[in-house]
Amino acid sequence: MFRLFWLASCLLAAVSGDARAGYLDENPDEVFASVYERIGALPVAAARDPFVWLRLEELKREPCDQKSISDLALMLDKLGYRRQAADGLYKFVMNCGAPITALHRSIDIYLKLTDYPRAVEVADEFIRRAPTNHNAHYLRGVALEGLKDYHRALADYSDAIELYGADKKSIASRVFLRMAGAYAALNKFCEATAPITLWVALDPATRDTSQTRKIIADYESQGHCATSTGFRKESFPLRGQKDVVTVKVAINGVSGLFILDTGASYVSVKSTFASRAKIPDAGTSEITLMTANGQSKARLSRADKVALGKLEATNVPVAIQSTDGKNYGAGVDGLLGMSFLSRFEVQMAGGSIEIRTRQPRK
């Protein structure tokens with residue numbers, strides 16, 4: 001046993017000695033020319049780090065070794081060669097096809113470097129390879145926000161929320177806060193309340209706090225947002241197939257029949273209804289909606305006013321369906337979703353759904 005340990009130690013020392021001699025004596029630009037063609041050249045000082053040198057040797061032997069590129073990027077980041085780490089991860093995926101997690105890490109580094117154009121470029125590739133990855137859309141939204149392209153950032157934040165899946169309660173608050181901030185940057189303060197009220201509505205027991213109410217109130221104050229005042233409520237019986245509730249809603253003064261849907265992020269309308277209600281479509285961003293029939297595309301716009309009986313709200317985010325078809329059923333103009341409902345308290349009890357104005361916390 002001792003002899004085996006001694007032999008292993010000698011072998012390790014010999015390998016380490018070869019690497020040490022290499023990184024001290026040889027020219028890395030020549031030794032790793034083939035590796036640099038795939039991941040980009042490294043400064044000589046970085047390449048001569050013994051740990052980096054060994055990873056480069058591994059990539060020379062195995063050009064698409066995922067562990068080697070991961071370890072190399074970590075060390076380059078630690079040594080302060082962050083751009084080289086981000087470049088290497090991105091180029092590795094472009095040459096080897098995987099892993100897409102390397103694109104996530106690459107974007108993170110570019111964001112820390114405030115290189116927003118490069119972060120958008122890598123995020124575009126991330127989304128091309130994984131179009132339903134919610135992290136990819138969130139990261140591109142952050143990069144676009146850095147470029148002050150708030151309209152496109154809003155679409156990506158919306159997609160990040162929609163593509164997360166059914167358990168939206170577990171989405172980090174930063175996604176909703178960033179989306180609200182993007183609206184605010186466009187001076188759309190009333191619309192900025194929608195992501196915050198949605199986040200609260202997903203878990204009102206713990207999120208309906210004085211802090212979140214202050215954030216909402218500040219946006220409402222800046223936007224002079226008109227909403228129902230005093231205590232008002234509307235109640236609708238649950239009946240019919242699968243408790244589907246249809247309600248009469250007026251959008252921009254135009255009446256329509258809508259399905260009340262607390263699972264929908266937006267008030268969604270058919271394009272024909274949007275035209276009648278003069279909901280603007282020009283210049284809007286395309287977003288993804290998750291529906292009972294799967295994914296669909298829509299245009300993110302807003303309605304000046306939405307009224308459900310005595311309950312009213314202004315500047316409400318609205319999704320205009322790209323194709324009408326038979327999305328909601330005969331005679332139905334759309335969904336009354338959370339971009340309106342989250343501004344109120346919604347409760348189900350006694351075979352009815354009750355919607356009422358929010359009351360001050362005691």
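Every number in this text was worked out from the coordinates using simple rules, so none of it is lab data. Predicted, not measured: the structure shown is a model, and the values here were computed from it. Quick reminder, even Gly has a Cβ in these numbers, built from the backbone with ideal geometry, and neighbours come from all protein chains shown.
Placing a pseudo-label 7 Å from each Cα along the Cα-to-Cβ vector at D218 and E234 gives an inter-label distance of 3.1 nm. Among the listed pairs K169/K310; K169/K270; K148/K214; K214/K270; K169/K214; K214/K297, which have their C-alpha atoms separated by more than 31 angstrom in this model? K214/K270; K214/K297, as the Cα separations exceed 31 Å there.
For the chain, averaging the sequence separation of C-alpha pairs within contact (under 8 Å, six or more residues apart) and dividing by the residue count gives a relative contact order of 12 percent. For the range 14-130, the relative contact order is 19 percent, taking Cα pairs closer than 8 Å that sit 6 or more residues apart in sequence and dividing their mean separation by the residue count.
Please state the shape class of the range 154-243: rounded when a/c is under 1.5, otherwise prolate if a/b exceeds b/c and oblate if not, all from the C-alpha gyration tensor.
Taking the square roots of the gyration eigenvalues as a ≥ b ≥ c, the range 154-243 is oblate.
Ignoring lysines fewer than eight residues from K67 along the same chain, the ones with Cα atoms less than 17 angstrom from its Cα are K78, K91.
At R0 = 30 Å, how high is the FRET efficiency between D203 and T132 if r is their beta carbon distance? Nearest 0.05 is fine. Calculated transfer efficiency: 0.80. The peptide list 36-45, 72-81, put in order of mean Cβ contacts within 10 Å with the highest first, becomes 72-81, 36-45.
Seen against the Cα atoms of the chain and their longest principal axis, helix 116-129 is set at about 80 degrees.
Given R₀ = 45 Å, FRET efficiency for E37-N187 by Cβ-Cβ distance, to 0.05?
Once the sixth-power term is evaluated, E becomes 0.40.
Per-residue packing, averaged as other Cβ atoms within 10 Å, sorts the ranges 147-158, 249-260 into the order 147-158, 249-260, beginning with the highest. Computed over neighbours whose Cβ is under 11 Å from that of F231, the net charge equals +4, Lys and Arg +1, Asp and Glu -1.
Electrostatic tally near A41: other residues with Cβ closer than 10 Å to its Cβ, Lys and Arg +1, Asp and Glu -1, net -3. To the nearest 10 degrees, how steep is helix 2-25 against the longest Cα principal axis of the chain, on a 0 to 90 scale? For helix 2-25, the angle is close to 80 degrees. Distance from the alpha carbon centroid of the range 130-173 to that of the range 56-82 works out to 29 angstrom.
Quick check: from the Cα gyration tensor, does the range 258-303 come out rounded (a/c under 1.5), prolate or oblate? It comes out oblate by the Cα gyration axes.
Determine the shape class of the chain: with a ≥ b ≥ c the square roots of the Cα gyration tensor eigenvalues, call it rounded for a/c under 1.5, and otherwise prolate if a/b is greater than b/c, oblate otherwise.
prolate
Simple spin-label estimate for K297 and L177 gives 3.4 nm between the two label positions (7 Å along the Cα-to-Cβ direction from each Cα).
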